[in-house]
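Inspection log for the structure reproduced underneath, given as structure tokens.
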Amino acid sequence: MTPPKPAPRPDKVSLWRYVKLFRDDILSAQPARLYRAWMAEFRTPFFRSYLVNDPKLVREVLKARPLDFPKSSRISEGLRPLLGNSVFLTNGADWQRQRRIIDPAFEGGRLRETFPAMLDAARAAAARLTPGETEIEAEASHVAADVIFRTLFSIPIGSDTAQAVFRAFRAYQREQPILNIAAFLPLPRWVPRGFSARTRDSARKIRGLIEDMTRARQTQIAAGAAPDDLATKIMTTADPMTGQRFETGEMVDQVAIFFLAGHETSASAIGWALYLLATHPQAQDRVATEAQEFMAAPAFSGLSRLRFTRDVFREALRLYPPVPMMVRQTTGSERFRDRDIPRAAQIVLSPWHLHRHARLWDNPDGFDPDRYATDNGRECLRHAYIPFSAGARVCTGAGFAMAEGVLMLAALTASWRFAPVAGKVPVPEAHLTVRSKNGIWLSLARREGDGPAGDGVARSP
Ligand code: HEM
């Protein structure tokens, strides 16, 4: 089974052309050789970038010596107005301290506690859909934001505050140029990149709204009347080494990244997963069968029985990794694959290329959820699959996002049948996450009386 055929990939491109192609259509525009190369060098007059596809090198950078390869400051700059000093951007001791406070909120036990809120959001999403042509990316954004609001601050997206934050984030995302491109742009560090006044404005607005929510929560915590959700957990957890908690400003930074990392990424993955199901009706029917059984009595413990649904979501994260590239920086000189790498070089780790690497994966561009039961699939899952990154800086929300994605596919597919819309083939492009240029249009029909759960839509609380 193969998703829409990528256009023929160019073989060689100049740096400028590469930058342009990357922005326009990251699926078909990447030079073919990058899907076979173990490493590629991009030279600019001021610094070097290395795209690293060799699983051994990926492991070295992310898992074996993460402290020698901190996050690239070229990339962080673009997010600073919104994210301040959040865990996503910090390095070294600051980052370690923040993770010590945040990580306990996302442990397995907590995940079980957030499940009812996720389920409410999933049911509400299934109830919101209507038959006919639908732009599913917008729906996916809506539900992913709903999940974050409900699990973090115990408020549904329908509330005024949530609506205001959601709208402000959407404006910010639209204005953002592709971020990771900074790793390739041949500009010296001292050239001001500058943010547009509008970007700064939306960032200020979002942070203002989040600060109000955080302060209100602090008052509730002090009064002993705070709901037991992720925000309360993070705000009341003390660093086991120093006993310190997050102050308001720092908490605003962390909440901003949870909203951004938590809803943009999941929305992207859910949108592409539904598109893949729409274009592969047999797989969709298999998901629906699992899903209808699950939705008849949904429980956290039942998620592990949604095996095929999980493998579909895995395939979506492989073919359309929401974070297509990550950039690190060398702190000293290195030798990679017999090549000398200078200090301050940009090391680009690319789920986009690694996940479709022709020398690693069988049928790399094909949609095949059953691959994870094969030797090649299992092997690649261990060494060539990094949608959530890997090692010490692995995504904090990986377990959360897997539970959310699988639940969402189950809740939606149990009640709805998705089909592609003729003439509307989505073209992936890279913003903050991989999104479709003109949205993802699908045709929706109810799965009435299809199975035991029938139309589970009406059971939203
Ligand atoms: C399908 C959904 C998701 C995907 C594909 C994803 C992917 C990633 C990736 C690739 C990174 C590493 C980025 C880098 O190193 O440059 C990351 C970091 C992070 N993610 Fe996620 N993420 C998802 C959902 C979430 C959710 C739901 C949350 C929280 C509610 C979250 C919170 C974070 C945070 C806080 C970091 C920074 C970790 C650190 O640097 O120590 N993510 N994510």
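Here are a few things to note about the model shown:
- Only one entry of GLY399, GLY391 meets the criterion of being touching an Asp or Glu at 6+ places or on another chain (Cβ under 9 Å), within 16 Å of the ligand (Cβ to nearest atom) and touching a residue at least 60 places away in the same chain (Cβ under 8 Å), and that entry is GLY399.
- For the range 220-242, filtered to residues that are of a type in the set (S, T, N, Q) and assigned to a helix (DSSP H, G or I), the residue that is nearest to the chain's Cα centre (by Cα) is THR232.
- Failed item in (1) surrounded by 19 or more Cβ atoms within 10 Å (Cβ to Cβ); (2) at pLDDT 95 or above; (3) small (Gly, Ala, Ser), with ALA373 passing the rest: (1)
- Scan the range 75-98 for residues that are of a type in the set (D, E, K, R), within 12 Å of the ligand (Cβ to nearest atom) and touching a Lys or Arg at 6+ places or on another chain (Cβ under 9 Å) and the total you get is 0.
- Counting only strands (runs of 3 or more DSSP E) that sit wholly inside the range 243-362, those with at least 3 residues that are open to solvent by less than 10 Å² (accessible area, probe 1.4 Å) and within 16 Å of the ligand (Cβ to nearest atom) are 346-349.
- Residue match in the range 45-68 (condition: at pLDDT below 85, closer than 27 Å to HIS383 by Cα, more than 20 Å from the chain's Cα centre (by Cα) and assigned to a loop (DSSP other than H, G, I, E, B)): no
- Filter result for ARG435 (at pLDDT 95 or above and in contact with a strand residue (DSSP E or B) (Cβ under 7 Å, 6 or more places away or on another chain)): no
- Single residue of ALA401, ALA430 found to be among the small types (Gly, Ala, Ser), open to solvent by less than 20 Å² (accessible area, probe 1.4 Å) and either farther than 15 Å from PHE313 by Cα or at pLDDT below 95 (or both): ALA430
- Only one entry of ALA124, ALA145 meets the criterion of being outside any loop (DSSP other than H, G, I, E, B), within 15 Å of the ligand (Cβ to nearest atom) and of a type outside the set (Ser, Thr, Tyr), and that entry is ALA145.
- Residue in the range 103-120 that is more than 12 Å from the ligand (Cβ to nearest atom), assigned to a loop (DSSP other than H, G, I, E, B) and surrounded by fewer than 20 Cβ atoms within 10 Å (Cβ to Cβ) present: yes
- Scanning the range 412-427 for residues that are crowded, with 20+ Cβ neighbours inside 10 Å and away from the ligand (no atom under 16 Å from the Cβ) gives THR413, ALA414, SER415, TRP416, ARG417, PHE418, PRO426.
- Remark: pairs (first residue in the range 414-438, of a type in the set (Val, Ile, Thr); second residue surrounded by fewer than 20 Cβ atoms within 10 Å (Cβ to Cβ) and in a strand (DSSP E or B); Cβ separation under 8 Å; 6+ apart in sequence or on different chains) = VAL421/GLU133; VAL421/SER443.
- Test: LEU381 is open to solvent by 40 Å² or more (accessible area, probe 1.4 Å), within 16 Å of the ligand (Cβ to nearest atom) and in contact with a helix residue (DSSP H, G or I) (Cβ under 9 Å, 6 or more places away or on another chain): yes
The values are calculated or read from the model by the stated rules, or taken from the named source; none is laboratory data. Keep in mind the model is a prediction, meaning the values are calculated, not measured. Glycine also receives a Cβ, built like all others from the backbone with ideal geometry; neighbour counts cover every protein chain displayed. Please note that ligands, DNA and RNA were not included when accessible areas were found on the heavy atoms of the full protein model with its side chains. Shrake-Rupley method; radii C 1.70, N 1.55, O 1.52, S 1.80 Å.
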